[in-house]
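One structure is given below, encoded as structure tokens.
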Amino acid sequence: MTVEDALSTDLDLAEPLEVTTGPQPGIQLAGVLHDEQYPALVRFLLLHGASWAEAQDAAQDAFTQMCVPGVSITHPRAWLRTVAWRSWVSQQVKLEETCAELPEPQPSLRWHTPAHAAELGEEERRVISLLLQLPAKQRAAMAWHLDGFTTEESARAMGTTQAAVRQNLARARAALKQGLHLEGRFVNERGKA
């Protein structure tokens, strides 16, 4: 899988993301979902600020954990994202414990390949850079939202309330608008029409 595959993964939002049919064995779900969900899972982690290698490792770890005997899952897509995100966070904690003198990492656009960098438009680079500068809760809410989850599903996965998710989404959108200098742009365009 390439970076381009992860970033160009489109979600079909016409179909529900989670079909509740009761718990299913994780190993069966892993076989069915791997090709479909792996690129989206990597993209989800990239939007959280993971490097390309960290995102791939954490995504693979989530699928590995899904295959543990006895694991049964009701909401596989949300489960994968939660487990992969926790795996990525634990990678960061282990790194900090072994390298106590390292400075606080600054989220940046550090996961793209030279080919992808050439294909990215200036505005897309700005949007991704701005997303990575958001506070962690806003970045998380936006990542879940961009992956097609509802505020209810996002809140459940993030362990917070729907109101908190909506507030973080609103703040993230406002920061993106401000960073992209879009405030008032659409109001002015409507007034001229």
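The values are calculated or read from the model by the stated rules, or taken from the named source; none is laboratory data. These figures come from a predicted structure and were not determined experimentally. In case anyone asks, the SASA skips ligands and DNA or RNA and just uses the protein heavy atoms, side chains included. Shrake-Rupley method; radii C 1.70, N 1.55, O 1.52, S 1.80 Å.
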Under a 5 Å amide H to amide H cut-off, with H placed in plane at 1.01 Å, what residues pair with I73 once short-range neighbours are removed?
Q24, G26
Portion, in percent, of the accessible area of region 36-84 that falls on carbon or sulfur, probe 1.4 Å
55 percent
